[in-house]
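K.L.:
Okay, here's the structure, questions in a sec.
The values are calculated or read from the model by the stated rules, or taken from the named source; none is laboratory data. Keep in mind that this is a model prediction, so the values were computed, not measured. Neighbour counts are summed over all protein chains in view; Cβ atoms, including those assigned to glycine, are modelled from backbone coordinates with ideal geometry. Accessible surface is based on the protein model in full, side chains and every heavy atom, while ligands, DNA and RNA are left aside. Shrake-Rupley method; radii C 1.70, N 1.55, O 1.52, S 1.80 Å.
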Amino acid sequence: MTNTHIAATGLPFIVRRFLHGVSLMLGVTFVSFLLMVYFGPDKTYELLGKNPTSTQISEVRHTLGYDQPFLLRYGNYLKELLTLDLGLSDSTGEEVKSILTRTLPISIALVLPGFVLGNIIGLLLGMLAAWYRGRWLDKLLMSASVVGMSVSFLIIIIGLQILLCTPYGLNLFPVRGWQVHDLPSYLYYVTVPTLALLLVTLGYNTRFYRAVMVEEIDREHILTLKAYGTSPVELLFKHVLKNSLIPVITRIMFSVPFVLVSGSLLLESYFGIPGIGLVTFNAITSGDQPILKAVVGLTGLLFVLALMLTDILYSAVDPRVTRQ
Amino acid sequence: MLKKNQYAILLVLLIVGGCGEPPATGGSAPAKIYKHAMDGAPGSLDPAQAASIYANFLVVNLYDTLYRYKYLARPYELTPNLATAMPEVSADGLHLTIRIREGVYFNDDPAFKDGIGREVTAQDFVYSIKRHFDPDTRAQGAWLWQQKIEGLDQWKAEGSDHAQVVSGLRAVDDFTIQITLTRPFPQLVHTLTQGYAAIVAREAVEKYGQALSSHPVGSGPFRLLSRDSIRAVLTKNPEFRAEAFNLEAEGYDPETQGELGLAVLQNKVPPFVDQLEIEFITEDAARWNAFSANEIHFIKVPVSQFDTVLSQRDPLRLSPRFDGAYHFEAWPETGFIYLNFNMADERIGYHSDPLQNQRNHALRCAMIKAFDWKKRNEIFFYGIGQVFPGIIPTAVTEYDAGGSDAYIHRDLRAASEFLSANGWNSENLPVLDYGFPNSVTERQIFEQFRSFMMDIGYPADKIRPQIFATYGDYQRAYSQGKVTLINTSWTMDYPDMENIMQLYYGPNAAPGSNSASYRNPAYDRLYEASSALHESPQRTQIYREMNQLLMDDCVSISGISRTLLFLWDKKAIMKPDRSFVGGYFMRFVDLPEPSATP
């Protein structure tokens, strides 16, 4: 690709996406802040002592900044996001930035193996089911997927804990904790949560990827390739998968922010893992606005980045997207 | 390049490598680690904000207080902690002099000159209490001393200037505190056992500001090593004052406590363990699984596991499966759960029209008669909760065991008569809003309440659920009088019934703790008359009269105290407590030397 070509197509496209992303961020932060202020939990009464007077109520509202005009608060919020000066948690008094930098890597390390394996295995099983569409293997995989989708995440977690982590079962892994400092300790703590995540996501992934692959397998050029005698592996990986990448990328990219910020809540809660999901949940239930604001901002940013990255990946796998 | 089957072997090895014993941490592990589970997490660790039972639990281990409760004495008894003795009190009960120990130091911290902790003084105590009256602190404990310590409220009104002296709260010298009260306040020493009254250093407050809540600088038996959303790790404070443990002084009773193995602690110097790991596990199933896997030494047994743990309810008996390895204790909660009528709501409370006022009174009484405590206890408290009439729980000495239980006895006929005699029928009964924070259990409790009321002909659609996202939102609503039926609970702050009787004192009406906004001059007079009295037969009589007034006025559907079950590993030598001793017991926990641990 020549420099002229980049200037004519790639760069303006990226800039366009960036500007679009900025406006999206403003919209996301405004709406979420509006909801937080007018419909979100009020921390005042949790921070008051017993027998509060109206003066004490006003004092706490003042320290929380609840008595400031909405636009001023929103302006401060944007400033906090831009400067990354996210303030202190209303509950623990810890710096929000330090909470995020401590918990986000843990959540990523927790869900990454399950997320990656869930998508890879789901993709492979989806391809297998699509290839054998209507036959017993397809039926078996789809039935298993429905079973996996039907069982509650909570049941899977508790069941695996009993089975793998207590003396009533194999007692091989810990019920709770995250004292990770090397690969063996990482595997020790991450295995059961990963299995739980795999079990709960595999059904959804397999069914989705099968549907995508079935649509592609039905196309005329695949039939032609089959007629040429192309091997199934080459056919599936080189032609079917490649041409299905747009929906695959969309699904994976848009799962990332969700998985990072909120998708690991149950895992963190039940396995005692101090990640960002649990912190977010606690902030929602207690009305800890500094944390909520930061997480909402972060989620918005991740979605915007995912959107931009997705568009760029679209253009990489299908150049027609850029030209449009 | 690896072949396909080599990749497979590598993968299996990786997974297998993660199994089995926990990996070594690489450092030298502390000798004794006590692992405790709590069913909630603390918020702030700043003593001024130690409002929850969880925060208090940690704060009293990180900071010093002047007094605490004896570890083993039941009923609870006060004993000096940082103070050298109980206070010297003047004859009129208004002047108290307290001396504190010399040679006690704050933990080393950059907040201090050269990073070395300085000696704790009487001025630190004065400063710590004054912080509650400084709006910048966002403190939650001012209610304990409001209108009670001379000059303190005025000091706040004048701008909370720490350079200004409060006449009723003074450090006479570095180790002597003088407190002057506006009126006799027998419960003062109890308030000085609270996490709220823990002693902070001004330098630390000034250095860390609001972040002090995650960066404690105290002089308690432990120091904070780490803390996140699921766990706090505390390490033994090597500088903590060396005082030998004395069984007798702590109220040891060999008859009831002999089997706990506490006798071996005599003359040892606490804290006995090197590290505390306190797990915050809110989910019952996860807490139980962690206990089953021996990852924690202690658990408050979830109600869902009562059937597993108990072989018999009356009397309570531990299942033989647990008997060998665990100690067990059933503990009646020092607090209660009750449902207040909002007396400020004309639909059911006070009414300007005397006739309607009387009809509302009859309606409340009918609803109390329709309430089925037996079923409530059976369904939600495993049938082992303690039901009692009014607001004097069974766990306190003022409880009248021989008194009538008519107030908590379901009587549908009497309830219907109350209604019909006062002209109430399904057409004219008022619509009532029953408030609760969003949870499945709260919803179930509401539905049961509604079914009880339907038994006396109350239409289901006239008792509406009013659901709030968080407890804070719910509290705001009922504090502002926007809830008609207020389902709530009270945990005693200190072992003195005054702490409960104030719940219906008129001046404490919403937004205060009198959420019913009950106003009865007779009740208020009795409360004020009793406020100067220590626990005594005379005061008990007054409290029982007050309780009767509440029942006659049909102010509340009350009440039940939960029975909590504690289970702990027999290797842990301790008597756990979730009440007034609370976190103080942690300094007295001991474990076998690690080499002797199987």
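K.L.:
Of all residues in the stretch A:37-53, how many are more than 7 Å from chain B (Cβ to nearest Cβ) and either in a helix (DSSP H, G or I) or not β-branched (Val, Ile, Thr) (or both)?
P.N.:
4
K.L.:
Would you say residue B:47 is under 23 Å from residue B:150 (Cα atoms), within 14 Å of another protein chain (Cβ to nearest Cβ) and under 21 Å from the mean Cα position of the chain (by Cα)? Steps first, please.
P.N.:
Working: under 23 Å from residue B:150 (Cα atoms): yes; within 14 Å of another protein chain (Cβ to nearest Cβ): yes; under 21 Å from the mean Cα position of the chain (by Cα): yes.
The answer is yes for residue B:47.
K.L.:
Moving on. Considering only the stretch B:469-494, state which residues are assigned to a strand (DSSP E or B) and over 23 Å from the mean Cα position of the chain (by Cα). Steps first, please.
P.N.:
Quick first cut of the stretch B:469-494, residues assigned to a strand (DSSP E or B) only: B:485-491.
Listed by number, the list holds a single entry, B:485.
K.L.:
Of the residues in the stretch B:523-544, how many are in a helix (DSSP H, G or I) and either of a type in the set (Lys, Arg) or open to solvent by less than 30 Å² (accessible area, probe 1.4 Å) (or both)?
P.N.:
Residues in the stretch B:523-544 being in a helix (DSSP H, G or I) and either of a type in the set (Lys, Arg) or open to solvent by less than 30 Å² (accessible area, probe 1.4 Å) (or both): 10 in total.
K.L.:
If I ask for residues that are within 19 Å of residue B:381 (Cβ to Cβ), open to solvent by 40 Å² or more (accessible area, probe 1.4 Å) and over 22 Å from the mean Cα position of the chain (by Cα), which ones from the stretch B:305-332 would you list?
P.N.:
B:307, B:308, B:311, B:312, B:313, B:314, B:315, B:316, B:317
K.L.:
Now for a separate question. Is it true that some residue in the stretch A:58-73 is within 8 Å of another protein chain (Cβ to nearest Cβ), acidic (Asp, Glu) and open to solvent by less than 80 Å² (accessible area, probe 1.4 Å)?
P.N.:
yes
K.L.:
While we're looking at this one, here's another question. So residue B:517 ticks every box in (1) open to solvent by less than 20 Å² (accessible area, probe 1.4 Å); (2) closer than 30 Å to residue B:68 by Cα; (3) polar (S, T, N, Q) but one. Which box is left unticked?
P.N.:
(2)
K.L.:
I've got another one for you. I'd like to check which helices (runs of 4 or more DSSP H) are fully inside the stretch A:79-174 and have at least 2 residues that are more than 30 Å from residue A:218 (Cα to Cα).
P.N.:
A:96-131, A:153-160
K.L.:
Still on this model: Might you check whether a residue that is within 12 Å of another protein chain (Cβ to nearest Cβ) and either small (Gly, Ala, Ser) or out of contact with any His (no Cβ under 6 Å at 6 or more places or on another chain) (or both) occurs anywhere in the stretch B:515-533?
P.N.:
yes
K.L.:
Return yes or no: is residue B:503 aliphatic (A, V, I, L, M) and in contact with a helix residue (DSSP H, G or I) (Cβ under 6 Å, 6 or more places away or on another chain)?
P.N.:
Criteria not met by residue B:503.
K.L.:
Another one. Could you list, in sequence order, the residues of the stretch B:501-512 that are in contact (Cβ under 8 Å) with a residue 24 or more places away in the chain and either aromatic (Phe, Trp, Tyr) or out of contact with any Pro (no Cβ under 9 Å at 6 or more places or on another chain) (or both)?
P.N.:
Of everything in the stretch B:501-512, those that are in contact (Cβ under 8 Å) with a residue 24 or more places away in the chain and either aromatic (Phe, Trp, Tyr) or out of contact with any Pro (no Cβ under 9 Å at 6 or more places or on another chain) (or both) turn out to be B:501, B:502, B:503, B:504, B:509, B:510.
K.L.:
Report, by residue number, each residue of the stretch B:269-282 that is surrounded by fewer than 18 Cβ atoms within 10 Å (Cβ to Cβ) and within 23 Å of residue A:278 (Cα to Cα).
P.N.:
Of everything in the stretch B:269-282, just one residue is surrounded by fewer than 18 Cβ atoms within 10 Å (Cβ to Cβ) and within 23 Å of residue A:278 (Cα to Cα), namely B:282.
K.L.:
From the residues in the stretch B:208-249 that are part of a strand (DSSP E or B) and hydroxyl-bearing (Ser, Thr, Tyr), which one is farthest from residue B:63 (Cα to Cα)? Walk me through how you get there before you give the answer.
P.N.:
As a first pass, look at the stretch B:208-249 and keep what is part of a strand (DSSP E or B): B:222-227, B:231-236.
Of the ones still in play, those that are also hydroxyl-bearing (Ser, Thr, Tyr) are B:226, B:235.
Working: B:226: 16, B:235: 13 Å.
The selected residue is B:226.
K.L.:
Condition check: touching a Cys at 6+ places or on another chain (Cβ under 9 Å) and at pLDDT 90 or above. Does residue A:224 satisfy that?
P.N.:
no
K.L.:
Turning to a different aspect of this structure: Look at the stretch A:250-287 and say how many of its residues are assigned to a loop (DSSP other than H, G, I, E, B), at pLDDT 85 or above and crowded, with 24+ Cβ neighbours inside 10 Å.
P.N.:
The total comes to 3.
K.L.:
So the check is Cβ under 6 Å with 6+ separation or different chains; which pairs have a first residue in the stretch A:109-137 that's over 22 Å from residue A:189 (Cα atoms) and a second one that's among the aromatic types (Phe, Trp, Tyr) and open to solvent by less than 70 Å² (accessible area, probe 1.4 Å)?
P.N.:
If the second residue must be among the aromatic types (Phe, Trp, Tyr) and open to solvent by less than 70 Å² (accessible area, probe 1.4 Å), the pairs left are A:122/A:209; A:123/A:209; A:126/A:209.
K.L.:
So which of A:84, A:112, A:128 ends up being open to solvent by 40 Å² or more (accessible area, probe 1.4 Å) and at positive phi?
P.N.:
When all the criteria are applied, what remains is A:84.
K.L.:
Checking residue B:392 against (1) under 29 Å from residue B:577 (Cα atoms); (2) not in a loop (DSSP other than H, G, I, E, B), which test does it fail?
P.N.:
It fails just one condition, (2).
K.L.:
Do you know which residues across the stretch B:195-214 are facing chain A (nearest Cβ under 10 Å) and under 23 Å from the mean Cα position of the chain (by Cα)?
P.N.:
If we filter the stretch B:195-214 for residues that are facing chain A (nearest Cβ under 10 Å), which is where we start, we get B:196, B:208-214.
The answer is B:196, B:212, B:213, B:214.
K.L.:
If you check residue A:95 against the conditions, is it among the acidic types (Asp, Glu), within 26 Å of the chain's Cα centre (by Cα) and open to solvent by 20 Å² or more (accessible area, probe 1.4 Å)? Reasoning before the result, please.
P.N.:
Numbers: among the acidic types (Asp, Glu): yes; within 26 Å of the chain's Cα centre (by Cα): yes; open to solvent by 20 Å² or more (accessible area, probe 1.4 Å): yes.
Considered against the rule, which asks whether it is among the acidic types (Asp, Glu), within 26 Å of the chain's Cα centre (by Cα) and open to solvent by 20 Å² or more (accessible area, probe 1.4 Å), residue A:95 comes out as yes.
K.L.:
Would you check which residues across the stretch B:532-589 are under 30 Å from residue B:357 (Cβ atoms) and without any contact (Cβ under 8 Å) to a residue 24 or more places away in the chain and list them?
P.N.:
First pass over the stretch B:532-589, keeping only residues under 30 Å from residue B:357 (Cβ atoms): B:541-560.
Within the stretch B:532-589, B:541, B:542, B:545, B:552 qualify.
K.L.:
Okay, next question. Taking the stretch B:402-459 on its own, how many of its residues are touching a residue at least 60 places away in the same chain (Cβ under 8 Å), among the polar types (S, T, N, Q) and in a loop (DSSP other than H, G, I, E, B)?
P.N.:
Summing the residues that are touching a residue at least 60 places away in the same chain (Cβ under 8 Å), among the polar types (S, T, N, Q) and in a loop (DSSP other than H, G, I, E, B) in the stretch B:402-459 gives 1.
K.L.:
Let me ask something additional. Out of curiosity, is residue B:372 among the acidic types (Asp, Glu), open to solvent by 50 Å² or more (accessible area, probe 1.4 Å) and either touching a residue at least 24 places away in the same chain (Cβ under 8 Å) or on the phi > 0 side of the Ramachandran plot (or both)?
P.N.:
no
K.L.:
State all residues of the stretch B:135-151 that are open to solvent by 20 Å² or more (accessible area, probe 1.4 Å) and either modelled with pLDDT of 95 or more or in contact with a Phe, Trp or Tyr (Cβ under 7 Å, 6 or more places away or on another chain) (or both); if no residue qualifies, say none.
P.N.:
Within the stretch B:135-151, B:148, B:150, B:151 meet the criteria.
K.L.:
Here's something else I'd like to know. Output yes when any residue across the stretch B:578-586 is open to solvent by 10 Å² or more (accessible area, probe 1.4 Å), in a helix (DSSP H, G or I) and out of contact with any Cys (no Cβ under 6 Å at 6 or more places or on another chain), and no when none is.
P.N.:
Within the stretch B:578-586, not a single residue is open to solvent by 10 Å² or more (accessible area, probe 1.4 Å), in a helix (DSSP H, G or I) and out of contact with any Cys (no Cβ under 6 Å at 6 or more places or on another chain).
K.L.:
While we're looking at this one, here's another question. Got at least one residue in the stretch A:184-206 being surrounded by fewer than 18 Cβ atoms within 10 Å (Cβ to Cβ), in a helix (DSSP H, G or I) and without any contact (Cβ under 8 Å) to a residue 12 or more places away in the chain?
P.N.:
Checked against the condition, which is being surrounded by fewer than 18 Cβ atoms within 10 Å (Cβ to Cβ), in a helix (DSSP H, G or I) and without any contact (Cβ under 8 Å) to a residue 12 or more places away in the chain, the stretch A:184-206 yields at least one hit.
K.L.:
Would you say residue B:265 is away from chain A (no Cβ under 12 Å), more than 22 Å from residue B:52 (Cβ to Cβ) and either under 21 Å from the mean Cα position of the chain (by Cα) or open to solvent by less than 20 Å² (accessible area, probe 1.4 Å) (or both)?
P.N.:
Criteria met by residue B:265.
K.L.:
On to the next question. Please state which one of B:189, B:165 is away from chain A (no Cβ under 13 Å), of a type outside the set (Gly, Ala, Ser) and open to solvent by 40 Å² or more (accessible area, probe 1.4 Å).
P.N.:
B:165
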